[in-house]
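Notes for the one structure printed next.
Read-outs: derived from the displayed coordinates by stated rules, not from any lab. As the structure is a prediction and not an experimental result, all values here were calculated from the model. Don't worry about glycine lacking a Cβ; one is built from the backbone with ideal geometry, like all the others, and counts go over all protein chains shown.
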Amino acid sequence: MKIEQIYTGCLAQGAYYIESEGEAVIIDPLRETAPYIEKAAQHGARIKYVLETHFHADFVSGHLDLAKKTGATIVYGP
C-alpha cells in the first residue's frame, strides 16, 4: 500500500493519494487534476474513488473533473 500526502502550501491544503493492488483513491483533490492522474499512470494504477471529507469553502475541489476523466466514483463525507 502506498500513501502520499500532496500538500499545497499556498492554500494550506492537503490531498491524499492512496494506492493498493493497482487501484487508487484520491482524498480532497484540488481543482488541478493532472498531478493525480499522472501519479496513478506512473504506478500503473487506476483511480477508482475520489473522496471528499467535507465541504471546501476555501478552494475549488477537482472531484467532479477527476471523476469525469477517470470514471472514478465520488464518495462524500459527513
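In summary, the lysines within cross-link reach of K2, defined as a Cα separation below 16 angstrom excluding same-chain residues under 8 places away, comprise K39, K48. With 0.36 nm allotted per residue and the present C-alpha distance subtracted, the K68-K48 stretch has 6.0 nm of extension available.
Computed from the C-beta positions of I3 and R31 and an R0 of 35 Å, the FRET efficiency is 0.95 to the nearest 0.05. Structural descriptor for the chain: relative contact order 25 percent, calculated from alpha carbon pairs under 8 angstrom and at least 6 residues apart.
Beta bridges per DSSP, both residues in the chain: antiparallel share near 60 percent.
Per residue, the Cα convex hull of the chain amounts to 84 Å³.
How large is the dipole of the chain about the Cα centre if only Lys and Arg carry +1 and Asp and Glu carry -1, each at its Cβ, rounded to the nearest 20 debye? With Lys and Arg at +1 and Asp and Glu at -1, about 180 debye.
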